[in-house]
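For reference, the structure discussed in these notes is given below.
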4 protein chains.
Amino acid sequence: MIIVMSIGATEQETANVRDQLRQYNLTPHDNYGTQRVVIAVLGDVAPVRDLLVSKLSIMPGVESVTPITRPYKLTSRESHPEDTVIELLGTKVGNGNLTIMAGPCSIEGREMMLETARAVAKAGATILRGGAFKPRTSPYAFQGLGIEGLLLLAEASKETGLPTITEVMEPSQVEVVAKHSDILQVGTRNMQNYSLLTAVGKAGKPVMLKRGYGATIEEWLMAAEYIVSSGNPHVILCERGIRTFETYTRNTLDLTAVPLLHHLTHLPVVVDPSHATGKRWLVKPMALAAVAAGADGIMVEVHPNPDQARSDGEQSLTFDQFADMTSALVQIHEMVRTLNKDPFAMTGPIKAGSAKH
Amino acid sequence: MIIVMSIGATEQETANVRDQLRQYNLTPHDNYGTQRVVIAVLGDVAPVRDLLVSKLSIMPGVESVTPITRPYKLTSRESHPEDTVIELLGTKVGNGNLTIMAGPCSIEGREMMLETARAVAKAGATILRGGAFKPRTSPYAFQGLGIEGLLLLAEASKETGLPTITEVMEPSQVEVVAKHSDILQVGTRNMQNYSLLTAVGKAGKPVMLKRGYGATIEEWLMAAEYIVSSGNPHVILCERGIRTFETYTRNTLDLTAVPLLHHLTHLPVVVDPSHATGKRWLVKPMALAAVAAGADGIMVEVHPNPDQARSDGEQSLTFDQFADMTSALVQIHEMVRTLNKDPFAMTGPIKAGSAKH
Amino acid sequence: MIIVMSIGATEQETANVRDQLRQYNLTPHDNYGTQRVVIAVLGDVAPVRDLLVSKLSIMPGVESVTPITRPYKLTSRESHPEDTVIELLGTKVGNGNLTIMAGPCSIEGREMMLETARAVAKAGATILRGGAFKPRTSPYAFQGLGIEGLLLLAEASKETGLPTITEVMEPSQVEVVAKHSDILQVGTRNMQNYSLLTAVGKAGKPVMLKRGYGATIEEWLMAAEYIVSSGNPHVILCERGIRTFETYTRNTLDLTAVPLLHHLTHLPVVVDPSHATGKRWLVKPMALAAVAAGADGIMVEVHPNPDQARSDGEQSLTFDQFADMTSALVQIHEMVRTLNKDPFAMTGPIKAGSAKH
Amino acid sequence: MIIVMSIGATEQETANVRDQLRQYNLTPHDNYGTQRVVIAVLGDVAPVRDLLVSKLSIMPGVESVTPITRPYKLTSRESHPEDTVIELLGTKVGNGNLTIMAGPCSIEGREMMLETARAVAKAGATILRGGAFKPRTSPYAFQGLGIEGLLLLAEASKETGLPTITEVMEPSQVEVVAKHSDILQVGTRNMQNYSLLTAVGKAGKPVMLKRGYGATIEEWLMAAEYIVSSGNPHVILCERGIRTFETYTRNTLDLTAVPLLHHLTHLPVVVDPSHATGKRWLVKPMALAAVAAGADGIMVEVHPNPDQARSDGEQSLTFDQFADMTSALVQIHEMVRTLNKDPFAMTGPIKAGSAKH
């Protein structure tokens, strides 16, 4: 932590800051510039980081307080240099494997669920998705089939052999969703629902945490930290677009987050081009781009008849479109893997043994 | 709802759109332009609005689909022209009354809670705030005293006679929080936690709904619609800053939301300048500005000794600062009321009987 | 400047950073933490600030580089504690005077210009605005009357005695605009048009610099620094809304910028509620809020018959509306001045003698 | 254009709207809903689009005015279905050719310019970039070599045979820049500098228009419309990141803009991953992603010794890194071309003959 004193701060003000630091067993280290004093803080700042920022920044004579240590620990690559790999029914997520999650936005009935499951399994999906509890902007919209949907998803999993993922919306649903599904999804609107994060952290099943549409990467990793620090190391991050001033697309897909996250964290990163773009014909190009940027996989919505979908039809793929996209993704993924083995591949400032990129 | 067909859409494509509309008992009305057809939809679109947008927008030949009706109903001023007024222990929120909610960010103990309650009551606060369950970005930060905090808040209410407000974070906490507090607060990170919205909608106590820091005004009103449609008409909206590219302040306080909301909805609107700015010395000017813009009140954080606060100290006011600000607010509020009685006051396109502004 | 080395940076890497600093006659000062080294840079960093950030941040072993000194100098309050006051034909801008700039968006003809000038002068405007060169999003829209417009503005100034302000769009226009107008306006789209900033910096007339709708406060002050460092100390800053995800209003008016700028700079700050909101009925409440937040004035659009305006009619006030608003502003301004004389008024961390707030 | 009347609008108010439309030789077409009237406007709205929106939206009884026709014409794919292809010294930009623009951020001297030109030419660059006039946020930073730089760029072009691109910052520079360079670049801060857009529109050389970091896609296309309507059909669009709340990267690269622009316009689209990310090690993954999303090319910064660059060193590639990236790009580009020939490729709602995607 670095504390910059104001030009004109008195010696007493600087002394008060030093005293405050010593109360927390930290050691102040002064740096005298031509115009002002800058105090570096030595010692274990992490446990009192936010509190100290808050306290110090209002002390008289203090101009600014800048933490150096990142606030997330268990999710940081510094603490865990190897990629996290999650295994489910023989499928691996992370570390260079290509994950393709596909299925309907909402599970609307038995027939459509099974038909979709068979189609995506055949075309190369590795994980089956389907919404049973649906967070909807409007209280008047279809809210999902609930537990009936979970059972249909489990049946589709049994028939196809694919592991499943479905959203959980509140702590009291965690138990039943964890019973019937292989991965628990926390949606964009619940990224900072800390009660839910803590609950899924104790559920004993992998969790996919979607980025809040208004959340920074740091806040996203802090939300993941809630899950991991509750005992669950198996977290998948899913970029799904952030909110910006651009209105042509529903959200702005932040693909740079992919290589950035590979630098900051060991957790797998997948991309959802369906929700970010909101338009079916933008799904394939953005899925290809995601994998070219190094994503560990994608999540897309597929429907037997998108025109008749009860939700998100405008961004759902038909079976043929999904098969076409998946075939392309597999080829791009293979090529990108090969290209990144090149000795001149650019990497971030991470030490040799610590990262794949 | 307006459906714009592409230049070059075929007659069959246009016919298919008409057929789709008729399946929902809606009447298509064609408008032939020089280059394209525009179909206006007559009938009760509201119940199938989102579904129709989704379906129609991917039909061949369709260029765009634009809903006309706003998606919120119970919260709209069109449906309820008079201001909603909420009465609590003799205090009124809404319709020109000045509401001042004040108290500590977190309740840290009995003494500081009571001392703060007495000070803010004396200075003119009308509602007492205090955090018992705290949503914190970091899992390692102080999470509040929980139920013990609720009891201290209730004790402070009894002593001062002020009604209270405190945050509730998950459905299972609603009952106990409603038992001990007069207003339930839903925080910015939970604005689209639909399980929680539905739960507070059934709790029988007024709810203050903070704006999600990444949420549009329309989404905010839709979140309020969840609460009102669950049976609870007593909702207060609280603007607390949105996320933008500007980083000098924690968030960007959107004060234009105040007159805009008075135009769109009948619900009271208060402003929280503490969280939006994140800096104590910005609280007073932004509180004055909020009331000048027509806000029904403000919510601020006050602490006996902000330098020692366990959370949000950098934005908490001292007792003296709070008293100074409150005195100024009362004067500005009285002047603004008088000024807006002027016959030339500008108003939005709302019919005469419907609004105070 | 603070350089944080990576965990695991080698001694050689740290030595290289020190050598780089010494090449610029700067003194590195090491701070050894438990996990890493943090180097504080002593000496006059300012002239090579950006270059050094660029160079150091890609050196092996460097985790981050954080400048401490703000990049603007002449415009900072630290360098110039007293408020800048600009005098024009007896009117003062800055330091607690209330400035009201008003007039038509575009000058459309002699009659409407003179009629508007008389009306706003009578109602209390202190500066007359009128657009002669108009930056329009569409090449097909009305682009202003050009020099003919300038002459009409000058005529209106002569009749009413009000000083004038009008926009200049390119360096080659500066001379003629400076000849016929008292203040040169640089528009939001040209805030970082450095050729224009340098040209108006040499024009010998005060300049009003609108905030770029996508610009941070720091970039805005750097743009002002271009003007001041070109020899022109008379710059007025005008907040006019920034671009965010919210679409109900044209832009989001960032009123917190007002007290923040008073803290960071000595330049006067005015607010344009017409462009930020884009809606006539939002102008008055946001003008009142601006003055309550401490703005030195406002700029609004007024038209004899807004329904027939050739540009911006939807946000232009009628004469009656302007008179009503101005009367209210004067009262709020007087009250706010009085309120802020209070000894408990909150201020930012600026030394005693340096600021009015 | 669609005009939605308020619930409760009077027959006279609706009649006034109809009259206003007829004054512009437009035909109103009423649609009577259950609660309100919606007026569709038939006729050639385009020439008076913005004016009409402005006028109608403030008429009593009008709830909203929505234009249907897009405001850009010459740049729209509807008006020009085939891809624009720009030929320069044997290189083609657009329509499936891969363009790689590379060179130093600033031209710092003869040796470094020639050395870089040779290296990028050898590695596969198709166009040579180099900055002579540099827009810098700080007035105290290196502003480029000016005309001396232009001459060095021209010399490097002669030696390598590569066409060149360089930035022009004001109308008075256009002639000299057009004399010495093959493509004129308009930078992000000048995207809405209309005087400059008009000037480059008359220069007789192709123009690359960077997206304003705060500009919507529609505004960007309107800026291109300025150039094309001034007589210059050869415009290349360059996505370079937009400003969002995320601060880990300098800007947020909006790659979805690539397929979206291919849908909306016939102009070539290239991507600049250097400025968007601001970090060297993010350039390669984002360049690959851009091409996978369908970009017509990329622009990157290359320097013989990035650690010693006078500007943008932290995002410049070394020669080896550029060669590695270019080799990868060529392979991904070839694969993506093949993949998109697939009959199931997803496309937007553009008619068969009109687009490549």
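Numbers at a glance
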quantity	calculated
Residue match in region B:6-13 (condition: surrounded by fewer than 21 Cβ atoms within 10 Å (Cβ to Cβ), of a type in the set (A, V, I, L, M, F, W, C), under 37 Å from the mean Cα position of the chain (by Cα) and in the same structural domain as B:PRO60 (by TED's automatic domain parsing))	no
Hey, D:LEU150 in contact with a His (Cβ under 8 Å, 6 or more places away or on another chain) and modelled with pLDDT of 95 or more or not	yes
Yes/no for C:PRO28 being touching a helix residue (DSSP H, G or I) at 6+ places or on another chain (Cβ under 7 Å) and surrounded by fewer than 18 Cβ atoms within 10 Å (Cβ to Cβ)	no
Options B:ALA123, B:ALA178; residue that is within 23 Å of B:LYS202 (Cβ to Cβ), of a type outside the set (D, E, K, R) and surrounded by fewer than 23 Cβ atoms within 10 Å (Cβ to Cβ)	B:ALA178
Qualifying positions in region C:316-344 - under 12 Å from C:PRO104 (Cβ atoms) and part of a helix (DSSP H, G or I)	C:PHE319, C:PHE322
Residue in region A:65-78 that is assigned to a strand (DSSP E or B), at pLDDT 85 or above, crowded, with 18+ Cβ neighbours inside 10 Å and away from chain B (no Cβ under 14 Å) present	no
Identity of the residue in region D:306-323, modelled with pLDDT under 95 and more than 17 Å from D:ASP272 (Cα to Cα), that ends up surrounded by the fewest Cβ atoms within 10 Å (Cβ to Cβ)	D:GLN308
Region B:262-285 - residue that is out of contact with any Ser or Thr (no Cβ under 8 Å at 6 or more places or on another chain) and outside any helix (DSSP H, G or I) and, of those, surrounded by the fewest Cβ atoms within 10 Å (Cβ to Cβ)	B:VAL269
Test: residue in region B:160-172 that is surrounded by fewer than 19 Cβ atoms within 10 Å (Cβ to Cβ), out of contact with any strand residue (DSSP E or B) (no Cβ under 7 Å at 6 or more places or on another chain) and more than 21 Å from B:MET222 (Cβ to Cβ)	yes
Residue check, D:GLU87 surrounded by fewer than 18 Cβ atoms within 10 Å (Cβ to Cβ), of a type in the set (Asp, Glu) and either free of Cβ contacts under 8 Å to residues at least 12 places away in the same chain or not in a strand (DSSP E or B) (or both)	yes
Selection from region C:267-286 of residues that are of a type in the set (A, V, I, L, M), more than 9 Å from chain B (Cβ to nearest Cβ), in contact (Cβ under 8 Å) with a residue 40 or more places away in the chain and within 23 Å of C:LYS134 (Cβ to Cβ)	C:VAL270
Residue check, A:GLY231 in contact (Cβ under 8 Å) with a residue 24 or more places away in the chain and either in contact with a Phe, Trp or Tyr (Cβ under 7 Å, 6 or more places away or on another chain) or away from every other protein chain (no Cβ under 12 Å) (or both)	no
Tally, over region B:115-150, of residues that are of a type outside the set (Gly, Ala, Ser) and within 30 Å of B:GLN331 (Cβ to Cβ)	9
Enumeration of residues in region A:59-86 that are out of contact with any Ser or Thr (no Cβ under 7 Å at 6 or more places or on another chain) and within 30 Å of A:GLY204 (Cβ to Cβ)	A:TYR72, A:GLU78, A:SER79, A:HIS80, A:GLU82, A:ASP83, A:THR84, A:VAL85, A:ILE86
Any hit, region C:56-67, residues being without any contact (Cβ under 8 Å) to a residue 40 or more places away in the chain, touching a strand residue (DSSP E or B) at 6+ places or on another chain (Cβ under 9 Å) and not assigned by TED's automatic domain parsing to the domain that holds C:MET299	yes
Members of region C:23-57 that are aliphatic (A, V, I, L, M) and either assigned to a strand (DSSP E or B) or farther than 28 Å from C:LEU74 by Cβ (or both)	C:VAL37, C:VAL38, C:ILE39, C:ALA40, C:VAL41, C:LEU42
Matching option when the condition is touching a Leu at 6+ places or on another chain (Cβ under 7 Å) and either under 27 Å from C:ARG77 (Cα atoms) or within 11 Å of chain B (Cβ to nearest Cβ) (or both), among C:LEU264, C:LEU317	C:LEU264
Output for region D:139-173, where each listed residue is within 14 Å of another protein chain (Cβ to nearest Cβ), touching a helix residue (DSSP H, G or I) at 6+ places or on another chain (Cβ under 7 Å) and under 22 Å from D:MET191 (Cβ atoms)	D:PRO139, D:ALA141, D:VAL168, D:MET169, D:GLU170, D:PRO171, D:SER172
Test set (1) under 24 Å from C:VAL168 (Cβ atoms); (2) away from chain C (no Cβ under 14 Å) - D:LEU255 fails condition number	(1)
Residue satisfying all of: in region D:93-112; assigned to a strand (DSSP E or B) and within 17 Å of the chain's Cα centre (by Cα); surrounded by the fewest Cβ atoms within 10 Å (Cβ to Cβ) among these	D:THR99
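So that you can scan it fast, the table gives a plain yes or no per residue for (1) surrounded by fewer than 24 Cβ atoms within 10 Å (Cβ to Cβ); (2) basic (Lys, Arg); (3) under 10 Å from the mean Cα position of the chain (by Cα):
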| position | (1), (2), (3) |
| --- | --- |
| B:VAL186 | no, no, yes |
| B:THR198 | yes, no, no |
| B:ALA215 | no, no, no |
| B:LEU221 | no, no, yes |
| B:ILE227 | no, no, no |
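The values are calculated or read from the model by the stated rules, or taken from the named source; none is laboratory data. In this text, all values refer to a predicted model and were calculated from it rather than measured experimentally. Cβ coordinates were reconstructed from backbone atoms using ideal geometry, including for glycine residues, and neighbour counts include every protein chain displayed.
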